Amino acid sequence: MLEFDDSHSHPPPSPLSGLKKTPSQAATPTPAAPKPVSSAPAPAPKAAAPAVEQRPPAEVLTPTARPVPQRSSELASSLNFMTIGRKRADADSIRIIGGRNYDVRQPVPVKYPSVREHFLSARNNFWTPHEISMGDDKVQWNTGALTEEEIWLFKCNISYLTASDNLVPDNLNNAILEHITANEMRQYLRWQIAEESNHIESYFFILESFGLDEKGQGQIFSLYQDVPELVNKLNWNLTFTNNVVNCEYPQGSMEANRALLEDLISYYVFEYLFFPLGFSQVFALARQGKLRNTAQQYQYIWRDENLHAINERWLILQVIKENPGLWDATMQERARAIVNEATHLESEFGKASMPNGGISGLSVKSYTEYAQLMGDNLLKSLNLKPLFNIKEHPMSWLAEYEMKQEVNFFEGRVRDYRVGTALDWE
């Protein structure tokens, strides 16, 4: 049994800036080399052939490494060249961000064993979408078992989740990994990227199994570009990614680290709030006996996202622990504002996906309260004051869809991850 790392206070309760980079200078054109002069006599021209310009053979050049931008005080980076004789880092010198004067590719020593446990747990939990039969859902989708309101909700839902599972690995790749200077965290985040790709395959497989051709799938997937509430929600996260990527301050500076911390918080919102809210919509359909195969897919995805949320919280708190100056009153209020913005966006998404006030078994009101509850729980997990003070879980029936071997936010531990197998419905 893998205990949740409690070095950062207690686990969260159960769910029951834009800056610019300086553009690079344009390269100065290299003058053309003069043509070599041949000492051999020129052959006699043929009367019928036109004159052809004689060109020298192309010169073969040995590739030369371009200069690497100077990083402050040998900031640890995966782009740094190997150096013969460099001393291996000891655990005391390794930092989660801003580590210096060591090679981040070196897997030992393991400074943060709980992160390695996160990786091993996630690996043991690997599953593939094709393990789950989709036959019942195909029949329901093609025989009018779903109402028009339920079909619209599902289309908005799977479109948003598909785009989201693209945004998360893009953020890790473009904004986060460059700053992470602990090998075990880099290892976990690379595995997370693979898991998000598996989730995208799951959404694709669901629509494919319904018998939809590429055109039909595309009409559903493209809703995240057509519905304003979906666009706004996705662009909100992208803003934080771009604030990190386009930050004009040097990596490791206080300003760059603030942009990074805001981005980490916004994607913690993704894993802890946006994803579970999205899954709840399909679980509500499954309670009515609809799209239960799809709900099984979502249960496995939820299990992955739970562990992502635990790791994301750990990462945020470790960054704060190692850089206490970041977590001043201004940043704490900024974190509360980020969660408040996210909760509002989720409420607007609920209204857009359920324009008539809800579907059978799920109202927009209870959906919004669930978002507020999750927002408060997220803030408490970062030791911040809640915003909404929701006293009771408005959708306590979601406990029915927690998998038996998964992250339990009541206990804050990973309870025996195993390779995915088909679920038995009661």
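Applying 1/(1 + (r/R0)^6) with R0 = 30 Å to the Cβ-Cβ distance of Ser133 and Asn356, what FRET efficiency is obtained, to the nearest 0.05? Display every interim value, and only then the final one.
Working: r = 32 Å, r/R0 = 1.06.
With R0 = 30 Å, the Cβ-Cβ based efficiency is 0.40.
With 5 Å bins beginning at zero, the pair-distance distribution over Cα atoms of region 89-247 amounts to 1, 8, 13, 15, 15, 13, 11, 9, 6, 4, 2, 1, 0 %. In terms of distances greater than 25 angstrom between alpha carbons, the cross-link table entries Lys155/Lys391; Lys365/Lys391; Lys290/Lys351; Lys155/Lys351; Lys351/Lys385; Lys155/Lys233 yield Lys155/Lys391; Lys351/Lys385. In plain terms, the C-alpha convex hull of region 196-355 casts an average shadow of 10.8 nm² when viewed from every direction.
A viscosity of 0.890 mPa s and a temperature of 25 °C, combined with the Kirkwood radius over C-alpha pairs in the Stokes-Einstein formula, give region 305-372 a diffusion coefficient of 172 µm²/s. The residues neighbouring Ala163, those whose beta-carbon lies less than 12 Å from its own, together hold a net charge of -3 under the Lys/Arg +1, Asp/Glu -1 convention.
Taking a ≥ b ≥ c as the square roots of the eigenvalues of the alpha-carbon gyration tensor, region 70-130 is classed prolate because a/c is 1.5 or more and a/b outweighs b/c.
Can you tell me, using C-alpha contacts under 8 Å and at least 6 residues apart, the relative contact order of region 151-295 as a whole percent?
Working: 99 pairs, mean separation 44.3, N = 145.
Rounded, it is 31 percent for region 151-295.
Checking every one of the trypsin sites (Lys or Arg not before Pro) in region 103-193 against DSSP loop status and a limit of 16 other Cβ atoms within 10 Å picks out Arg105. Each Lys or Arg adds one and each Asp or Glu takes one away; over the other residues whose Cβ falls under 14 Å from the Cβ of Glu346, this sums to -3. The stretch between Phe126 and Phe81 holds 12.8 nm of extra length on full extension. This uses 0.36 nm per residue minus the Cα-Cα distance.
Could you tally the net charge around Ser360, taking each other residue with its Cβ under 14 Å from the Cβ of Ser360, Lys/Arg +1 and Asp/Glu -1? If you can, show how the numbers build up before the last one.
On the way: positive: Arg287, Lys290; negative: Glu148, Glu149, Glu150.
Net charge in that neighbourhood comes out at -1.
With a 1.4 Å probe and all protein chains in place, put Glu208, Glu402, Glu214 in order of accessible area, largest first.
On the way: Glu208 85, Glu402 45, Glu214 160 Å².
Correct descending sequence by accessible area is Glu214, Glu208, Glu402.
By its C-alpha gyration tensor, with a ≥ b ≥ c as the square roots of the eigenvalues, how is region 271-390 shaped: rounded for a/c under 1.5, else prolate for a/b larger than b/c, else oblate? Note, shape of region 271-390 comes out oblate.
The values are calculated or read from the model by the stated rules, or taken from the named source; none is laboratory data. What you see is a predicted model, and the numbers here were worked out from it, not measured in a lab. Cβ sites come from the backbone with ideal geometry, for glycine too, and all protein chains shown count toward neighbours. Areas reflect the complete protein model, heavy atoms only, side chains present, ligands, DNA and RNA absent. Shrake-Rupley method; radii C 1.70, N 1.55, O 1.52, S 1.80 Å.
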